[in-house]
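Report on the structure given below.
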Amino acid sequence: MSPHPNTDATHATAGIRETTEGTVYDVTGGDWDEIAEAARKSDDERIIVNMGPQHPSTHGVLRLILEIDGETVTEARCGIGYLHTGIEKNLEYRTWTQGTTFVTRMDYLTPFFNEAAYCLGVERLLGIEDDVPDRAQIIRVLLMELNRLSSHCVYIATGGMELGATTVMIYGFRDRELVLDLYELITGLRMNHAFIRPGGLSQDLPPGTMDALREFVKKMRKNLTEYDKLATTNPIFKGRLQGIGHLDLAGCMALGATGPILRSTGLPYDLRKEQPYCGYETYDFEVPTEDTCDAYGRFKIRIEEMRQSLRIIEQCMERLEPGPVMVGDKKIAWPAQLALGPDGLGNSLDHIKKIMGTSMEALIHHFKLVTEGFRVPPGQAYVAVESPKGELGVHVASDGGTRPYRVHFRDPSFNNLQSMAAMCEGGQVADVIVAVASLDPVMGGVDR
Amino acid sequence: MSENGQSNGVNPDQDLQAENLPGHRGAGGEVIGVRRGMFGANDGGDTSGYGGLVRPVRLPGGSQRPYGPGPEAGWFDEVADELEGALEEQGVRPEDVIGKTVVDCGEITFHVEREELPRVARLLRDDPALRFEMCTGVSGVHYPEDQGRELHAVYHMRSFTHNRLIRLEVTAPDEDPHIPSIVETYPANDWHERETYDFFGLIFDGHPALTRIMMPDDWQGFPQRKDYPLGGIPVEYKGAQIPAPDQRRSYS
């Protein structure tokens, strides 16, 4: 590390500083020729490049710190935390039911998984896991599988775009839109639903859902073949993905990588099969695996998972029988009877008339449950669900109060991103993009 | 039953005499706080008659064998036996390592002495009968009223081989917030330990680079601790002032 004067290369916008780590070139809006010239003159071969946090191909506000030798990445690190919003802390100041409105915003591409995992945790602490009505569980499965489809669509779309395959991007977002239309029909919102609640669901499926679902499954099944034609068998696509982002089984287990990354090593580990929840053990579906340990294998797994999700959705549709979608316990079930009013979804006028006009006890009960919430026995629970990205674990601790004492989300993207260094070091700079895309990280979930 | 609420060997969840009212799991367990009144009004404004209500908050206490799951001995006992056996093989008395074992909500928790955490982690990963290949990370919990053990670190270990999940719980006092790192055994915990350090100030000794991960590097304080305020400003809604979330009434 010999300090060398670079006075000739100093530019108004391109600062050069000497630090204990060597020369630092600040390239913000600088003249690249001068910077490249200065770097060429320098005897320090090491170049550290910041990719992100505002780079379009780093999935949101992920910052990659790459040490580069020519085109080879010698060291790769992640800088995260740019999207930290303190959701876990905020949860501690709201009731257990209000918690769903927060957790749904964590990994914003998998809102139903966040809600379901959180609610399953609360239900375990309440000891009402077996009391949740079948219809609620089936609708949860239905929504989660729809969500798996929409999340994988975004993976395909953004992953394709990062490779320059803009057609794939258009196709992916086109199909995601079909799913979002269904969300809108069922929950009223395209994102941030807070639809799954401790004890069941916020409301039942609206009329017309079954027809829309049937049409969707038909259309989606047809559209899925287009990905095969466009990408899976495309030699350019294969050339970019095969052998990239290698991580074997030992690496996955050591680094805690789960989901398609783990399954691309050949281990058919899927929590829906291994530790079933919401009645997944009763559905007929397969867990696709590949043994290539690379980005291409992960792509193929996700495409196949979308097919399996469609199968599960069809089974859900067959099983749906009329019935309640919330536990019978009136001390837990949200008292509202929702209906669409002129200013949006809210308490039905009939319900308000009843509690305001005929039953003071019902009014008190309603008021207490809404403002105060229900109490959850002290203790802790850990519930994990198989999100499209891997094991989404929720550690819920209660002190017996009406608010969560502590909720920690073990987001799969958080763990999977850790393996970025293992996948990228020694590879090409261009392959970093492919490897990161194959992890499908969502910074909303990573940073929470 | 001891009066001070120390673990009396009865799991209130399995105690048929326990009062199974909402918010209660009987009298056993570990007291982490005391709740007074009912409506969060401490200024004498509560005229409901509930103002004098005093209830201790108890976490589930240590369990007795068989651990289960269920009423009979199951894989919880197998894991406990294997872990104890493996510790004995290393010449360590299991009772010096595992403070208590709690079975609650169908999950098993081993409360491990903090000095022994790396040894336990290594055994859990490497012993063929245990084989917990993956650690899903560490989550912190802050119990300011749990004297001498305010900071809890909670680990969940997953075994692919045996398809099992267990929980380890380690505590540290506020004055000495040190817990040995298990990154050496489970590299997956690298970021998790940084996160828990960032939010709780738990220092994981032996971690390769324990720096903040979510908050800015120069941040002061540890945001997830209970004495760290949420912050926020009151907002006006339809002419009324709505206080910031941490200033709103909480129900005790």
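Bear in mind that the values in this text are calculations on the coordinates, not laboratory data. It should be emphasised that the depicted structure is a prediction, and the values quoted were computed from it without experimental measurement. Every residue, glycine as well, gets a Cβ built from its backbone with ideal geometry; the counts of neighbours run over all protein chains shown.
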Partner chain coverage, peptide B:104-110 - average Cβ within 10 angstrom:
5
Cβ neighbours within 10 Å, averaged per peptide: list A:375-381, A:111-117 in order, most packed at the top.
A:111-117, A:375-381
A:THR167/A:LEU338 FRET efficiency (R0 35 Å; Cβ-Cβ; nearest 0.05)
0.30
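For chain B, report the % of Cα-Cα distances exceeding 24 Å.
In whole percent, the share of Cα-Cα pairs in chain B beyond 24 Å is 57.
For the protein assembly as shown, what proportion of DSSP beta bridges, expressed in % and rounded to the nearest 5, is antiparallel? Intermediate results must be reported in sequence, preceding the final value.
Details: 69 of 75 bridges.
Within the protein assembly as shown, antiparallel bridges account for around 90 percent of the total.
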So what are the ³J(HN,Hα) numbers for the range A:246-258, from phi and the Karplus equation (6.51, -1.76, 1.60; θ = phi - 60°), rounded to whole Hz, Gly and Pro as x?
5, 8, 8, 4, 4, x, 4, 5, 5, 8, x, 6, 10
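Please work out the FRET efficiency for the pair B:GLU175 and B:ARG93, using the Cβ-Cβ distance as r and a Förster radius of 25 Å; give the result to the nearest 0.05.
Numbers: r = 27 Å, r/R0 = 1.09.
FRET efficiency, B:GLU175 to B:ARG93: 0.35.
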If you fit an axis through the alpha-carbon atoms of helix B:117-126 and take the longest principal axis of the Cα set of chain B, what angle between them do you get, 0 to 90°, nearest 10?
50 degrees
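Where does the protein assembly as shown land on the Kirkwood hydrodynamic radius, alpha-carbon pairs, in angstrom? All intermediate terms of the calculation are to be shown ahead of the outcome.
Numbers: mean 1/r = 0.0368 Å⁻¹.
For the protein assembly as shown, inverting the mean 1/r across all distinct Cα pairs yields 27.2 Å.
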5 Å is the cut-off here: which amide hydrogens, built 1.01 Å from N in the peptide plane, fall below it relative to B:ILE203, excluding neighbours closer than 5 in sequence?
B:HIS178, B:ILE179
Return the long-range amide H neighbours of B:LYS100 (sequence gap of 5 or more, or a different chain), with a cut-off of under 5 Å between placed amide H atoms.
B:HIS111
Hey, what angle do you get for helix B:189-200 against the long axis of chain B, alpha-carbon based, 0 to 90 degrees rounded to 10?
30 degrees
Going 7 Å from the Cα of A:SER348 toward and past its Cβ, which residues in the range A:187-228 have a backbone nitrogen under 15 Å from where you end up?
A:202-207
Cα Rg over Rh - the range A:145-209, Kirkwood
1.10
Among B:TRP75, B:GLY52, B:THR109 the positive-end extreme of the charge dipole of the range B:28-131 (Cβ point charges):
B:GLY52
For peptide A:251-261, how many partner chain Cβ atoms fall within 10 Å of a residue's Cβ, on average?
4
Proximal lysines to A:LYS219, defined as alpha-carbon separation beneath 21 angstrom and excluding residues fewer than eight positions away on the same chain
A:LYS229, A:LYS300
What value, in deg cm²/dmol to 500, does the helix sum -39500 (n - 2.57) over DSSP H runs of n ≥ 4 give at 222 nm once divided by the residues of chain B?
-5000 deg cm²/dmol
Projected area of the range A:111-171, taken from the Cα convex hull and averaged over every viewing direction, in nm²?
4.7 nm²
Packing-based ranking, highest mean first, of B:202-212, B:109-119 given that Cβ atoms within 10 Å are counted:
B:109-119, B:202-212
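As an exercise, identify the trypsin sites (Lys or Arg not before Pro) in the range A:276-333 lying in DSSP coil whose Cβ has no more than 15 other Cβ atoms within 10 Å.
A:LYS330, A:LYS331
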Using a 10 Å cut-off on Cβ to Cβ distances, tally the other chain neighbours for every residue of B:161-167 and report the average as a whole number.
2
Mind checking the angle between helix B:75-89 and chain B's longest principal axis? C-alpha axes, 0 to 90 degrees, to the nearest 10.
60 degrees
Return the whole-Å distance between the Cα centroid of the range B:149-195 and the Cα centroid of the range A:61-136.
19 Å
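Give, in nm to one decimal, the length gained when the segment between A:LYS273 and A:THR371 is fully stretched (0.36 nm per residue of separation minus the Cα-Cα distance). Provide the component values of the computation, followed by the final result.
Working: separation 98, 0.36 × 98 = 35.28 nm, distance 3.87 nm.
Gain on stretching A:LYS273 to A:THR371: 31.4 nm.
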Estimated inter-spin distance, A:ASP284 and B:GLU84, nm [label 7 Å along Cα→Cβ]:
4.6 nm
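With r as the distance between the Cβ atoms of A:GLU321 and A:ARG221 and R0 = 35 Å, compute the FRET efficiency 1/(1 + (r/R0)^6) and round to 0.05. Working shown, then result.
Numbers: r = 25 Å, r/R0 = 0.71.
Calculated transfer efficiency: 0.90.
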Expressed as a whole percent, how much of the Cα-Cα distance distribution for the range A:189-313 exceeds 17 Å?
68 percent
Set A:LYS368/B:LYS238; A:LYS89/A:LYS389; A:LYS354/B:LYS226; A:LYS331/A:LYS353, cut-off 29 Å on Cα-Cα distance; pairs above it are A:LYS354/B:LYS226
I need the semi-axes of the equivalent ellipsoid of the range B:62-205: take the C-alpha gyration tensor, multiply each eigenvalue by 5, square-root it, list largest first in whole angstrom.
24, 17, 14
The distance between the Cα centres of the range B:197-247 and the range A:373-448, in whole Å, is 19 Å
For the range A:251-295, run through the GluC sites (Glu not before Pro) and keep only the ones in DSSP coil with at most 10 other Cβ atoms within 10 Å of their Cβ.
none
